[in-house]
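Peer 1: Pasting a structure here, questions to come.
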Amino acid sequence: MNWRELSLRIGLAGLSISVSLALTALLILLLGSDPQRVLTTIVDGAFRDQTRLGSVINFWIPLTLAATGLVITFTAGLWNIGVEGQMMMGAIFASYGAQFIALPQPLLIPVCLLLGATGGLAWALLAGILKTRAGVNEIFGGVALNALANLAAIYLIAGPWEPPEGGSAQSTAPFPAEANLPVISPEFPVSLVMLVLTLAAAVGVLLLLNRTRLGLELKATGKNARSALLLGVPTERTALLAFALCGLLAGLAGSHRVLHTYQSLRPLVSGGIGFLGLLAVLLVSYRMLILPLITFALAALIAGSTRVKVLLQLDQSLVGVLQGLLVLTVLLFNGARERFGGRARPPAP
């Protein structure tokens, strides 16, 4: 990448963010509120003390894990819409370990996380097999598998795993204390284990995509699968590996939701984090280096938005509007860059 292209990318990114913020500010003015006060309230709601910062990080962990996995599949040219179902299946597998495996906490936590990763990996491989062997588009297969994973959770909560007092499919009974992820402190309720795993996953995927043969094969498959196959790249195996790695990380994200956030299994426990991860990946144009920063910003917006509703009497969905505008403007400006910037490049030999 030369300096001209780098400066163009930075300039367009800054311009797209500025446009989205300006549109959001205009919307807030139309609603009769002060944009600066809304922004201050969001920042205060996310960073005022350690507990609120912990809430941001607790949302950032599963969001970053899911988005990191999606970078792998997107690099391979695969629209893995089924990441929500993979999170859900990871949550189910981890919940099984939390409820039915009796071990001391230092052993039970790794077992539950391993089960969660296995559940997400298996569900993602199913989508990959449908794609590579049965010719089912990964978008349609992912949507169907998302629904099946949610139905499986509802069946378990309302049936075999129903709490003794009943619950009308609301949630399972709270997990035993030894199955819950330990936190750094009551004032900073963040799981150090999951924080380290998330950072390791982000660094590992960055190195995988830029320093390994598999990363090269993923990029070649994503650019042109037919040409990659003719050049000797095992495209089917590469696609399955991409699905498996993404599912593994999504399963860990689902495990965090049930072992820490809720400490029980609930319907739709993923909370839309998988789809928000899709937006984050699109926002950074699949660039792993800046993805954790973008997911942290989105997590802060989500965590701080609750005070907007309480203090300013504005609907919390205003943050969703900002996210949507941000992604839309970035995509538009990226498209403009590729459309008009591509003319200056000579054709590939």
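Peer 1: Return the FRET efficiency for the residue pair Ala147, Phe275: r is the Cβ-Cβ distance, R0 is 22 Å, and the value is rounded to the nearest 0.05.
Peer 2: Numbers: r = 14 Å, r/R0 = 0.63.
Computed FRET efficiency for Ala147 and Phe275 comes out at 0.95.
Peer 1: Okay, which of segment 104-128 sit inside 19 Å, backbone N to the point 7 Å along the Cα-Cβ direction of Glu236?
Peer 2: 124-128
Peer 1: Using θ = phi - 60° and the Karplus relation 6.51 cos²θ - 1.76 cosθ + 1.60, list the HN-Hα couplings for segment 57-74 in order, rounded to whole Hz, with x at every Gly or Pro.
Peer 2: With the stated coefficients, segment 57-74 comes to 5, 5, 7, 5, 4, x, 5, 5, 4, 5, 5, 4, x, 5, 4, 5, 5, 5 Hz.
Peer 1: Please pull out the direction-averaged projected area of segment 54-286, using the convex hull of its alpha-carbon atoms, in nm² to one decimal place.
Peer 2: Averaged projected hull area, Cα only: 12.8 nm².
Peer 1: If you take the C-alpha gyration tensor of segment 221-291, multiply each eigenvalue by 5 and take the square root, what semi-axes do you get, largest first, in whole Å?
Peer 2: 31, 15, 9
Peer 1: Right, next: Take the alpha-carbon centre of segment 236-304, take the same for segment 112-183, and report the distance between them in whole Å.
Peer 2: Centre-to-centre distance over Cα atoms comes out at 15 Å.
Peer 1: If you don't mind, there's one more thing I want to ask. How much length is gained on full extension from Leu23 to Ser285, taking 0.36 nm per residue of separation minus their Cα-Cα distance?
Peer 2: Residue separation times 0.36 nm, minus the Cα-Cα distance, leaves 92.1 nm.
Peer 1: On to the next question. Can you give the longest run of the chain that contains no GluC sites (Glu not before Pro) sitting in a DSSP loop with at most 15 other Cβ atoms inside 10 Å?
Peer 2: Counting only loop sites that pass the neighbour cut-off, the longest clear stretch is 1-164.
Peer 1: Under the Karplus relation 6.51 cos²θ - 1.76 cosθ + 1.60, θ = phi - 60°, what is the ordered set of whole-Hz ³J(HN,Hα) values for segment 34-48, x standing for Gly and Pro?
Peer 2: 3J(HN,Hα) across segment 34-48, in whole Hz: 9, x, 5, 5, 4, 5, 4, 5, 5, 5, 5, x, 9, 10, 5.
Peer 1: Along the Cα→Cβ direction, 7 angstrom out, place labels at Phe188 and Asn224. What is the inter-label distance in nm?
Peer 2: My value for the distance between the label points is 5.1 nm.
Peer 1: Starting from the 7 Å offset along Cα-to-Cβ, what nm value, one decimal, do you get for the label separation of Leu15 and Leu207?
Peer 2: About 3.8 nm separates the two model spin labels.
Peer 1: May I pose another question? Using the basic label-point model (7 angstrom from Cα toward the beta carbon), what is the Leu114 to Val43 distance in nanometres?
Peer 2: According to this spin-label approximation, the distance is 4.6 nm.
Peer 1: If you bin the C-alpha pair distances of segment 138-245 every 5 Å from 0, what whole percents do you get?
Peer 2: Values per bin, smallest distances first: 2, 10, 10, 11, 11, 14, 14, 10, 8, 6, 3, 0, 0.
Peer 1: Would you compute, from DSSP H runs of 4+ residues alone, the mean residue ellipticity of the chain at 222 nm, taking -39500 (n - 2.57) per run and dividing by the full residue count, rounded to the nearest 500?
Peer 2: Rounded to the nearest 500, it is -24500 deg cm²/dmol.
Peer 1: Okay, moving on. Could you run the Karplus curve 6.51 cos²θ - 1.76 cosθ + 1.60 with θ = phi - 60° over segment 204-214 and give me ³J(HN,Hα) per residue in whole Hz, x for Gly and Pro?
Peer 2: Rounded to whole hertz, the list is x, 5, 4, 5, 4, 6, 10, 10, 10, 5, 4.
Peer 1: Another one. So, by mean Cβ neighbours within 10 angstrom, what's the order for 290-302, 111-123, 26-38, 250-262 with the highest one leading?
Peer 2: Highest to lowest by the protection proxy: 250-262, 111-123, 290-302, 26-38.
Peer 1: Right, next: When the label point is put 7 Å from the Cα of Asn137 along its Cα-to-beta-carbon vector, which residues of segment 58-92 have a backbone N closer than 16 Å?
Peer 2: Under 16 Å, as judged by backbone N against the label point of Asn137, lie 77-82 of segment 58-92.
No value in this document is a laboratory result; all are computed from the given coordinates. All figures in this text were calculated on a predicted structure; none of them were measured in a lab. Cβ sites come from the backbone with ideal geometry, for glycine too, and all protein chains shown count toward neighbours.
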